[in-house]
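Readers should treat all values here as calculations from the given coordinates under stated rules, not as data from a laboratory. Quantities reported herein were computed from a predicted structural model and do not represent experimental measurements. Neighbour counts are summed over all protein chains in view; Cβ atoms, including those assigned to glycine, are modelled from backbone coordinates with ideal geometry.
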Amino acid sequence: MYVYDRVKPVSLLLGIVLMVIGIIFLAAPDRVAEFLAVFVGAVITVIGIFRIITVAVNWNVIINQGILLALGVVVSVLGIFMLFNPDVTITLVGTIIGIIAIMLAVDRFITANRLKNRANVTPTVISGIIHLAFGAGMIYSAIVVFSIIIVLVGIYLLISGVMFALSSLFFRDF
């Protein structure tokens, strides 16, 4: 039996799974964004609870246990807040990403200004404009931009799933 024959069912299953996830991303991008926000909130809550337990169990060994315990409580409370307020979470994360994108745009514009007499700065300026537009969009409406990103990821996953399925059924290219 060839290796291909053993891998073929796994590859086909992976292709089908990718297609299903892609369809879900395309059909309900707002719900996927909400799910991801709730998932992030759950992970942050677990991290905070883990910190609280770690400090409590090792109370006599840890230095600055009060500060670490308070940090665990704050992280847990933040995670719980994020669990029950996914729109706020998406907006907050989107705003942070938007600020970072705008800072990158400023960096590109400063770099273009610094290099304007020595090199072609058109690609640098275009990069800065793209960063600026993305950052402004994220700050203006993070939920919409996240939905657009999720749709794009859904298209990618759907196409990848189709390619995996076709590869496993018709081509022997892996």
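Taking the criterion of being among the hydroxyl-bearing types (S, T, Y), more than 16 Å from A142 (Cα to Cα) and surrounded by fewer than 18 Cβ atoms within 10 Å (Cβ to Cβ), would at least one residue in region 52-68 satisfy it?
The first filter runs over region 52-68 and keeps only residues among the hydroxyl-bearing types (S, T, Y), leaving 54.
Adding the requirement that they be more than 16 Å from A142 (Cα to Cα) leaves 54.
Those left that are additionally surrounded by fewer than 18 Cβ atoms within 10 Å (Cβ to Cβ): 54.
Within region 52-68 (the criterion being among the hydroxyl-bearing types (S, T, Y), more than 16 Å from A142 (Cα to Cα) and surrounded by fewer than 18 Cβ atoms within 10 Å (Cβ to Cβ)), the answer is yes, since at least one residue qualifies.
Counting residues that are over 30 Å from I16 (Cβ atoms) and of a type in the set (G, A, S), which helices (runs of 4 or more DSSP H) fully inside region 67-174 reach at least 3?
Values: elements: 86-115, 122-140, 142-169.
Where helices (runs of 4 or more DSSP H) fall fully within region 67-174 and carry at least 3 residues being over 30 Å from I16 (Cβ atoms) and of a type in the set (G, A, S), they are 86-115, 122-140.
Report every pair of residues separated by at least 6 positions or lying on different chains whose Cβ atoms are under 8 Å apart, first residue within region 86-103 and over 15 Å from I149 (Cα atoms), second of a type in the set (D, E, K, R).
Pairs that qualify, where the first residue is over 15 Å from I149 (Cα atoms) and the partner is of a type in the set (D, E, K, R), are P86/E34; D87/E34.
Are there any pairs with C-beta distances below 7 angstrom linking a residue in region 67-80 that is more than 12 Å from I44 (Cβ to Cβ) and without any contact (Cβ under 8 Å) to a residue 60 or more places away in the chain to a residue that is assigned to a helix (DSSP H, G or I) and β-branched (V, I, T), with the two at least 6 apart or on different chains, and if so which?
Qualifying pairs under 7 Å: L68/V55; L69/I52; L69/V55; V73/I52.
Which numbered condition trips up I44, out of (1) farther than 30 Å from V144 by Cβ; (2) of a type in the set (V, I, T); (3) in a helix (DSSP H, G or I)?
(1) is the only condition that I44 fails.
Restricting to region 25-51, name every residue that is farther than 30 Å from G154 by Cβ and exposed (fewer than 15 other Cβ atoms within 10 Å of the Cβ). So that I can check it myself, show each step before the final result.
Residues of region 25-51 that are farther than 30 Å from G154 by Cβ, as a first pass: 48-51.
Hit for region 25-51 is F50, nothing else.
Go through (1) more than 28 Å from I143 (Cα to Cα); (2) part of a helix (DSSP H, G or I); (3) without any contact (Cβ under 8 Å) to a residue 12 or more places away in the chain for F39 and report which single condition fails.
Every condition holds for F39 apart from (1).
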